[in-house]
1. Under a 5 Å amide H to amide H cut-off, with H placed in plane at 1.01 Å, what residues pair with residue 163 once short-range neighbours are removed?
2. Please list, in chain and number order, the residues 5+ apart from residue 85 or on another chain whose amide H is under 5 Å from its amide H, with Hs placed from the backbone.
3. Just to check I understand the Karplus step: with θ = phi - 60° and J = 6.51 cos²θ - 1.76 cosθ + 1.60, what whole-Hz values come out for segment 19-30, glycine and proline as x?
4. For residue 75, enumerate residues with amide H under 5 Å from its amide H, sequence gap 5+ or separate chain, H modeled in the peptide plane.
5. Residue by residue through segment 75-84, what is 3J(HN,Hα) from phi via Karplus (6.51 cos²θ - 1.76 cosθ + 1.60, θ = phi - 60°)? Round to whole Hz and write x for glycine and proline.
6. I need the shape label for segment 20-100. Rule: rounded when a/c is under 1.5, else prolate if a/b > b/c, else oblate, with a, b, c from the alpha carbon gyration tensor.
7. Quick check: pseudo-label points 7 Å beyond the Cα along Cα→Cβ at residue 60 and residue 125, how many nm apart are they?
Amino acid sequence: RGYNTEANQSGDVKVLVVPVDFTGYEASEMPLGEEGTLEALNTAFFGDPTNPEDADNLYHHSLASFYKTSSYGKCNITGTVLPWWHTNMTPINFVKGGGPSNLLVSQFQEYYEKGAGSELINLDEYDANNDGYIDCIHIVYVNPFDSGKMWWGYNVYYFKDQMELDGVKIGTYAF
């Protein structure tokens, strides 16, 4: 199987959302708390603006409803927001440690295998294009605004030590 750098643009696509917090910026201190913030993330990624429960919390579209609308109903995005990943790192140590690529290498497998994901999901379902890689991972973090480029949204091709979890690898992710 060859690596396809993008998720399918039509059909069913599953997105894996990984919420991360840092020492000094814990999810429990968010205005909605840990659980409320997970619910808000779920609505922001997968909410349906025609559902009255979601409509009150969406300004316009969720990720899923945007792609469903812009693809004229051809792209159906679903997925899972995993439990909080408490890194036990400060944002400064995170940046000094090489940022998300090194964080994924050193800690994601342990986070996943200790129940954050392995008990909740089947990663094969997140490889809709069958190239052996998870199609779409979004890492969402708690950190105050910082003008440093580490904290701006970006998409990364992860090419180090191709970590394999349940038979699939991490290829690209958004941070």
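1. Under 5 Å from the amide H of residue 163 lie the amide H atoms of 170, each far enough along the sequence or on another chain.
2. Sorted by chain and number, the residues that satisfy this are 20, 21.
3. In residue order, the calculated couplings are x, 10, 10, 10, 4, x, 9, 7, 4, 5, 8, 5 Hz.
4. The answer is 11.
5. 10, 10, 9, 10, x, 9, 9, 6, x, 4
6. Values: a/c = 3.27, a/b = 1.87, b/c = 1.75.
The shape class here is prolate.
7. In this crude label model, residue 60 to residue 125 measures out at 3.0 nm.
Read the figures in this text as sums done on the coordinates, not as results from a lab. None of these values were measured; they are calculated from a predicted model. Virtual Cβ from ideal backbone geometry, glycine too; neighbours counted across all protein chains shown.
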